[in-house]
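What follows draws every value from the coordinates through simple rules; no lab data is involved. Please read these numbers as outputs of a predicted model, since none were measured by experiment. When we count neighbours, we look across all protein chains shown, and the Cβ atoms used for this are built from the backbone with ideal geometry, even at glycine.
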Amino acid sequence: MHWQTTRYRIDLTTPRVMGIVNVTPDSFSDGGRHSNTSAALAHCERLIAAGADILDIGGESTRPGVDPVLLDDELARVLPVLRDAMSLGVPVSIDTYKTEVMRAALDLGCDIVNDINALRADGAEALVAAHPSCGVCLMHMQNEPKTMQLDPRYADVAREVREFLAERAQALRTRGMADDRIVLDPGYGFGKNHAHNLELFVRQDELRALGLPLLVGWSRKGTLGKVTGRELGDRVVASVAAALAAVQRGARIVRVHDVAETADALKVWRAAGLGSP
Ligand code: HH2
């Protein structure tokens, strides 16, 4: 199993670690830490040294209740970081739902578009499908970040997420995009309450029926705080455990803040013989 991206064909036989680079003043767990270009680039280098296989660079926080960032502000945050990160020797992903940001990133040669909105913005689907080789991650989200946690409702969360992701993947196939460029993400914490997140986690296997690789992002999220009783700054162990459990349930890429800890855990997981496909 591979993930075809602009410059790299990523082998997913081994689970991969996607390191989070938030070039934002207000991300839920690391806002303001890497909000200028040089700090963000230093963070990229640290994540690679710690074992990141992919860098995911974003310029807008999508935490619950947040207001959208203006297009020009987002571009000014991410483009200089993307430009330099492209030379660090690993695949680079742009974390955005804005078509114009995707376009600018792809023009720079960016490898992957990671979209929490699964390419539903005007022109996003056509743009990505028309690209000759970039990878894409399609994530499920009910509603939008501003309102998604107010009152999320599902009749059957696992079925609805599966049907949504199937429809979004099919839309890209219809435009001629090859399956090996597409990765799916259940979107833990995006328009889902605590019970929804846990039910989806327990039934994550059901998403494998879609036949495409899964990426998951549990890192430091609120549900892990509820499960453990830990505050935001103290959720590393919970996040690593969630990443391992997600991989055990079929995820091939884990999107994490704590790269070194997650990479170590995955090494032990593989040494224990749990890594064979
Ligand atoms: N979660 C966040 C952002 N982007 N992308 C994917 N594919 N999956 C996720 O679960 C996901 C994501 C939220 O985390 P973070 O980037 O740390 O926070 P913020 O949105 O506040 O910047």
* To do: Looking for whichever is outside any loop (DSSP other than H, G, I, E, B), away from the ligand (no atom under 16 Å from the Cβ) and out of contact with any Phe, Trp or Tyr (no Cβ under 6 Å at 6 or more places or on another chain) here; the options are 245, 263. Which one fits?
  => 263
* To do: Considering every residue within the stretch 217-227, establish whether at least one is small (Gly, Ala, Ser), within 12 Å of the ligand (Cβ to nearest atom) and in a helix (DSSP H, G or I).
  => yes
* For the stretch 168-183, name all the residues that are free of Cβ contacts under 8 Å to residues at least 60 places away in the same chain, within 19 Å of the chain's Cα centre (by Cα) and either part of a helix (DSSP H, G or I) or surrounded by fewer than 20 Cβ atoms within 10 Å (Cβ to Cβ) (or both). => 168, 169, 172, 179
* Asked: Is there any pair linking a residue in the stretch 214-238 that is touching a residue at least 60 places away in the same chain (Cβ under 8 Å) and farther than 19 Å from residue 140 by Cα to one that is near the ligand (Cβ under 10 Å from one of its atoms) and polar (S, T, N, Q), with Cβ under 7 Å and at least six apart or on different chains, and which?
  -> 232/29
* To do: State whether one or more residues within the stretch 186-209 are surrounded by fewer than 14 Cβ atoms within 10 Å (Cβ to Cβ) and within 16 Å of the ligand (Cβ to nearest atom).
  => yes
* Based on what the data block shows, is residue 26 over 21 Å from residue 262 (Cβ atoms), among the charged types (D, E, K, R) and touching a residue at least 24 places away in the same chain (Cβ under 8 Å)? -> yes
* Structure fact -> Scanning the stretch 210-236 for residues that are of a type in the set (Ser, Thr, Tyr) and buried (at least 16 other Cβ atoms within 10 Å of the Cβ), the one farthest from residue 184 (Cα to Cα) turns out to be 223
* **Per-region count, the stretch 100-152, residues more than 16 Å from the ligand (Cβ to nearest atom), buried (at least 22 other Cβ atoms within 10 Å of the Cβ) and not in a helix (DSSP H, G or I)** => 0
